[in-house]
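Contents: one structure, followed by commentary.
The values are calculated or read from the model by the stated rules, or taken from the named source; none is laboratory data. In this text the structure is predicted, and so the values were computed from the model without any measurement. Every residue, glycine among them, receives a Cβ derived from its backbone with ideal geometry; neighbour counts consider all protein chains shown.
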Amino acid sequence: MKRLTNTICSIVLYSGLFLNANPQGTNNSKMILISTGFYESLFNKGEEQKVEKFYLDVYPVTNKEFLEFVKANPKWRKTNIKKIFADESYLANWKSDLELGEKANRESPVTYVSWFAAKAFAEWIGKRLPTVAEWEYVASASKDKKYAVNDKEVIKKILDWYSSISAKEIPPVGSTEKNYWGVYDMHGLIWEWTYDFNTSLVTGESRGDGDLERNIFCGSGSASAGNAENYPAFMRYGFRSSLKANYTTRNLGFRCAKNFK
Amino acid sequence: MNKRHKIAIYGLITGAALFLFTNLFGCTTTAEEKAEKLITKTETATEVKHGNHSCCDNEDAGEISSGSVYQLESEWTNQDGHMFLLKNLKGKKVVLTMFYASCTYACPILVQDMKRIETALEEENSISSYKFVLASIDPERDTPGVVKDFAKKNKFNLNRWTILTAGPDDVMELAAVTGFKYKKDKEGNYSHSNLITFLNEEGEIIHQQVGLNQDITNSLTYLNTQN
Amino acid sequence: MKRKNQKLAFVFLFLVIISVIFILLYPGCDQSYSSQLKGEERASLTSAPYVPPPILRNHPSRIIVDLETKEVKKRLADGVEYVFWTFGGNVPGKFIRVKEGDIVEFNLHNNPTSKMPHNIDLHAVTGPGGGATSSFTAPGHTSTFSFKALNSGLYVYHCATAPVGMHIANGMYGLILVEPKEGLPPVDREYYVMQSEFYTQGRYGESGLQPFAQQKAEDENPAYVVFNGSVGALTGDNAIQAKTGETIRLYIGNGGPNLVSSFHVIGEIFDKVFTEGGTRSNHNVQTTLIPAGGSAIVEFKVEVPGTFILVDHSIFRAFNKGAIGMLKVSGNEDLAIYSGKQKDQVYFGSDDEDQDLFSGPLNLKSLPEIDNTQHINNEYGLDPIELGKSIYTTTCFACHQLNGEGMPGVFPPLAKSDFLNKNKEVAISAIINGLTGEVTVNGKTYNGIMPPQNLNNKQVAAVLTYVYNQWGNSGKKVSEDEVAEIREKKVISMK
C-alpha cells in the first residue's frame, strides 16, 4: 500500500512538474564559475573590491529564451506590460507578444528590455542579475588575461565598438570574443543591465563628476567617479547613469548570474 | 466758403489723415499675456508626463494604474512591525523619500524638508489628503524597533507618517522605480540621492524635488495643480 | 483762383508736416521693443552654412527647440568615412536663432539607434552645466528643460557627456545665436561656418572608415582641421555665394576640441568683428582669433568679384589638413580697387655678375638707390653704444660682471684694463676666436679659457666700443671693418 502511494505520489509529482504551465524556467543556458578575485573599482581609485565567486552566463540572454519567459508569464508580454516596469519601446523589435518576427533573430541577444523585465526573467529562471562589480570584474579580462584594463589594444578594440554605428540587426550571441573566463560577448555586442546599476551617483554634468555633488547626493565624497583611465569602464558607467529602471533601448540587454551557494 | 467752413474742412482732413495713419501703422495695444510657465529646477522627464495620462489605460480598470508605483507587490514592514503593502497608500497623495536612520548629514535635512511641506499643507488645510512615507535603504540596521525610535525622536504624527523597511531586493525595486540612487560604502554607510518623490492618489509619480533645503514653493504648486 | 490754389497748397503742406511728425513720434508700436513675453513658436533650425532668417518680432517669446542627437556614418574626406555623433544629423549641429529675453523650451531627443547617452551644454544658458545636468538622455528617450536667454551673443553648444573630449571630437557641437533686444543690423548675406578638428587613426587622406584616435586627441595632433564637418564642405560647388556690393555676415564657431583658430578670408578685410561673439566690435581686422569652444561674428562688404578663400591662418592646417573654404563673389569688376595683373615682363636680377650678360631695360641696379644705411645702422633704433651695452649685459657680464670688475683669480677685469687698452686687435680677436693661456691684467695673472663668442662684426664692434668707453678705459672706437679684418686673419699674436 505504502509503495503504491509512493508511486502514485511520484507520478503525480513528476507529471505536475511537466504539466505546470508556470514553473521556474528550465535552466538551459550555460554558466561558468568565476573564481573569487579583486576588481579595482572605477570609484575610489586604487581601492580594490572583492568579488566572491559566482556563476555567470556564458552568453547574454537571447530572444528565444526571453520568448519562453513571456509565454509563461503573460504580464511581461508587450501589450500587457505596466508602464512603471517598462517604457513604450519595450520589445519594440518583436513582431507581437509571442512572435519574434524578422527584426528579432532567435539567437541574438534580447534587447529593448528594462531592468524590471531582466530581473523578472532572472528570477523566473532561478538566477539573478550580476552586480556592477561582478560584471566589471569579468569584463576586465581579455582573451588571454584575467585583468587587461590597461592593455591599450584591448581598450582600443572596445572603444572602436562604442564609437561604431549601431548595427541594423544585432548579431547572434557568441559572435564576439570569448574571454579568459570562457565568457562570450562581454564587449562588442550590447550594453548589459546589472543589478545595482543605480549606484552611479552622477548628475549628468560630467565635468563636475570629480566631487560628489553634495546638494544632490549625500555621502562620502569618494562615491563619485574617479579618474577615467579605464576609458571603456568609464563610458559604461556613464551609460548606466543615463538609465532609469524602466528604460528600454535598442542596444541594451542582459545576462544572468547565480550565487555559488 | 466762409472762415468757419474752411476750419471745419481743414480739421476734417487732418483728422482723417491722423485716423488713416494710426490704423496703417498699427499702434494697437496688445492684450495681456498669460504668465510665464514656471521654470522648474526639477526633472520634467517623459515618464512624469505620462503619469498624468493614466486615465486611458485599460488594464486592471479600477485597480492600480499602469504607471503606478503600487504595481510593486513587495511586502514591507512599518514602524509597528505590521505588514504593509505599498498599495495601502492608494487614495491619498504621498510624499516619499528613502533614508537610513544612521544617516547624519542629509537625511535629517530631508526629513525637515518634508516637515516644512507638512506644515505648509496644514496651513492650506489640505493635509488630510496626504501621507508621508520614509523607506529605509538599510534593512540590516533599521529594524522596526530602530525605526520606531526614529519616529519618536522626530515626533512624527503616526497618523500621517509611516516608516517602512523591507528586504534589500524590495528596497532596490522601490529605489529603481523612483530613480533613487544609493551605494553602500566600506563602513556600511550609504551615499544616496537627496530626493523627495510626490505620488498622486493612484501612486503615479507627479513630481520630484531634488536637493536639500529646497524652496518648497515649486513642489507645493505642483501638488496644488493636481487637485 | 490763384489764392484758392495757394490755400490748397498750404493745406497739403500742413497735412504732410503733421503726418511726418506723427510717423516720427509713433512709428508704430510694433517697432519699439516691448519686454512682455508674448506668443509661442517652434524654432526653425538650419544646417550649415545656412542660418534661420533674422527675427522680426520686437518682444520675447516662448521658443520650442527640438534637437535630435544621432550617430551617423558619413564622408569626412574623399574616400574617408567617419562615425560622427551629431546634433541634427550633420556636423556642425543645427543653428539655433533666438532673441534676448526668450524663454526656450529645449527638447533633446536621443535617437533610438544611438549607442551613447548624450546631453547638451549651451553656452547661452545661465544654469548648471549650461543645461547638461538637465538633459542627460539615454538612447530612445527625450529630455526637456527650459532656460531664459539672458545675454545676447553668438554661443557654442556641445555635448557634455563623459568622456566629454570624445563626444566633442566626434562632432557634437553647433551654434546658438541670441539676437540682442534691438535686433542686428540687416546685411545682404548671412552664413554659418564652424571650424573643428578630427582625430583619426589613419593619416590625413587615408581611406576607409577611420576610428577615433584617443592618443592623437590628447596630443592635440589632429589629422583633419575642417570647416563645417568635412574636407570640401565649403569649396567648389559647396562654396558660399555673394554678389559684389553686398555685405556679408559670417557667424563663425570653433568646436575644437583643441585648437584655436586664426580665421582669415584671403583677399578681404573684416570691416567689423564682434570678437569672441560678444557685443564689442573691432574694425579693419585681417585675421581674428576664435577660441576653442568660442565664436566670432565678422562683417565685410565684397567690392570685387572672385573666389575668396577662408582659411585658418595656421597655414599648414589650411593646406594639409583641410581648413579651407570658399566664398565666390560674382559681379562687376572694380579695377581701381583691384586691377588684377597689369604687367608681365622679363627681369634681369640685381647681381653685378649678371650685368655683363644682360643690358636690358630693367634691372635693379639701374634704378636709383634709396639710402637706408642711416636707418639700418641703428639696429633697433639704438646707437652703437646702446647696442653694445645690451650685448654686454646679455653675453659678457656673466663672467666679467656688470661693471667690468671680473672675478679675482678667475675672470680678468675689463675696467681700467691695461691689457685691453694696450692692444685693440687682441681684444677683437679674443671675442672672435676666444683666448686661452696665461694673461696678466692690471698686475694679476689669469689662466683661464674664454670661448669664442657668437657675434657678428657689427655686434663685436658695438660691444667693444661700449667697453672701451666705460669704467675708465681708453675711449677708443672699434669699427665693423676693423673687426672684419681681424676675422679674416684668423690668428692674432698676443704680443
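A compact table of results
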item	result
Residue in the stretch C:131-164 that is farthest from residue C:227 (Cα to Cα), counting only those that are in contact (Cβ under 8 Å) with a residue 60 or more places away in the chain and within 14 Å of chain A (Cβ to nearest Cβ)	C:137
Those residues of the stretch A:68-85 which are touching a helix residue (DSSP H, G or I) at 6+ places or on another chain (Cβ under 6 Å) and surrounded by 19 or more Cβ atoms within 10 Å (Cβ to Cβ), in sequence order	A:69, A:70, A:76, A:82, A:84, A:85
Residue match in the stretch B:192-205 (condition: part of a loop (DSSP other than H, G, I, E, B) and more than 16 Å from residue B:71 (Cβ to Cβ))	yes
Residue C:299 free of Cβ contacts under 8 Å to residues at least 24 places away in the same chain and closer than 21 Å to residue C:178 by Cβ	no
So residue A:180, is it touching a Gly at 6+ places or on another chain (Cβ under 6 Å), away from chain B (no Cβ under 14 Å) and either at pLDDT 90 or above or closer than 30 Å to residue B:105 by Cα (or both)	no
Selected residue (criterion: farthest from the other protein chains (Cβ to nearest Cβ)) from residues of the stretch C:120-129 that are closer than 19 Å to residue A:241 by Cα and surrounded by fewer than 24 Cβ atoms within 10 Å (Cβ to Cβ)	C:128
Test for residue B:115: is it surrounded by 14 or more Cβ atoms within 10 Å (Cβ to Cβ) and within 14 Å of another protein chain (Cβ to nearest Cβ)	no
Test: residue in the stretch C:161-178 that is at pLDDT 95 or above, in contact with an Asp or Glu (Cβ under 8 Å, 6 or more places away or on another chain) and either within 30 Å of residue C:32 (Cα to Cα) or among the basic types (Lys, Arg) (or both)	yes
Answer from B:214, B:209 - the residue that is assigned to a strand (DSSP E or B), closer than 16 Å to residue B:113 by Cβ, within 14 Å of chain A (Cβ to nearest Cβ) and not β-branched (Val, Ile, Thr)	B:209
Filter result for residue A:113 (β-branched (Val, Ile, Thr), in a loop (DSSP other than H, G, I, E, B) and modelled with pLDDT under 95)	no
Only listed residue being crowded, with 20+ Cβ neighbours inside 10 Å, touching a Phe, Trp or Tyr at 6+ places or on another chain (Cβ under 9 Å) and within 30 Å of residue A:86 (Cβ to Cβ), chosen from B:150, B:132, B:156	B:132
Count of the stretch C:449-468 residues which are assigned to a loop (DSSP other than H, G, I, E, B) and buried (at least 16 other Cβ atoms within 10 Å of the Cβ)	2
Entirely in the stretch C:165-215, the strands (runs of 3 or more DSSP E) that have 1 or more residues that are in contact (Cβ under 8 Å) with a residue 12 or more places away in the chain, on the phi > 0 side of the Ramachandran plot and not assigned by TED's automatic domain parsing to the domain that holds residue C:48	C:208-210
Out of C:231, C:187, sole residue that is in contact with a strand residue (DSSP E or B) (Cβ under 9 Å, 6 or more places away or on another chain), under 22 Å from residue C:324 (Cα atoms) and β-branched (Val, Ile, Thr)	C:231
Subset of the stretch C:229-251 (residues that are among the β-branched types (Val, Ile, Thr), closer than 24 Å to residue C:204 by Cα and surrounded by 19 or more Cβ atoms within 10 Å (Cβ to Cβ))	C:231
Those residues of the stretch A:168-195 which are of a type outside the set (Ser, Thr, Tyr) and free of Cβ contacts under 8 Å to residues at least 24 places away in the same chain, in sequence order	A:168
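Here is a yes/no grid of residues against (1) crowded, with 24+ Cβ neighbours inside 10 Å; (2) farther than 21 Å from residue A:81 by Cβ:
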| residue | (1), (2) |
| --- | --- |
| A:97 | no, no |
| A:107 | no, yes |
| A:110 | yes, no |
| A:122 | yes, no |
| A:125 | no, no |
| A:133 | no, yes |
